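Working notes for the structure below.
The values are calculated or read from the model by the stated rules, or taken from the named source; none is laboratory data. Nothing here was measured: the structure is a model prediction, and the numbers come from that model. Every residue, glycine as well, gets a Cβ built from its backbone with ideal geometry; the counts of neighbours run over all protein chains shown. Quick note on the areas: whole protein, heavy atoms, side chains included, nothing else; ligands and nucleic acids left out. Shrake-Rupley method; radii C 1.70, N 1.55, O 1.52, S 1.80 Å.
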Amino acid sequence: MSNEVLRFELRRQSDDLVYSFARMVRPDGSIGFKRADGDYWVTWKPEWGWVAWDEPSQSCMGRPWNVLPQDQGAVPPEGDWVSRRGAKSYVYTLVHLDP
């Protein structure tokens, strides 16, 4: 895993929908990955590791399925991620892209 990951995609396994993310500085000065189509972020939370975090509700909306926070590195881990949106859940594959 490299600190040099600048972009990644979350590819939804059920229908091949793809969300693209790029490394950016967040309003609070921390580093995160912002989704291309809106103000949605994957950020580092000490208790959670890398997560899709909803600031207004202070809740986790998505996270890695098989990588515990203590085993995650400086960038969101590749592999299976799960998300929750209301009553629905989805499985994605996170793939790092070349810079």
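Before moving on, here are some points about what is shown:
- Residues LYS88, LYS34, ordered by accessible area of protein heavy atoms at a 1.4 angstrom probe radius and largest first, appear as LYS88, LYS34.
- Summing Lys and Arg as +1 and Asp and Glu as -1 over all other residues whose Cβ lies under 14 Å from the Cβ of ASN66 gives a net charge of -2.
- Net length gained if the chain between VAL91 and ALA74 were fully extended (0.36 nm per residue, minus Cα distance): 3.9 nm
- Of all accessible heavy-atom area on the chain, the percent that carbon and sulfur account for (1.4 Å): 51 percent
- Summed side-chain charge close to TRP41 - residues other than TRP41 whose Cβ falls under 10 Å, Lys, Arg +1, Asp, Glu -1: 0
- Of ALA87, PHE33, TRP50, farthest towards positive along the dipole that unit charges on Lys, Arg, Asp, Glu beta carbons give the chain: ALA87
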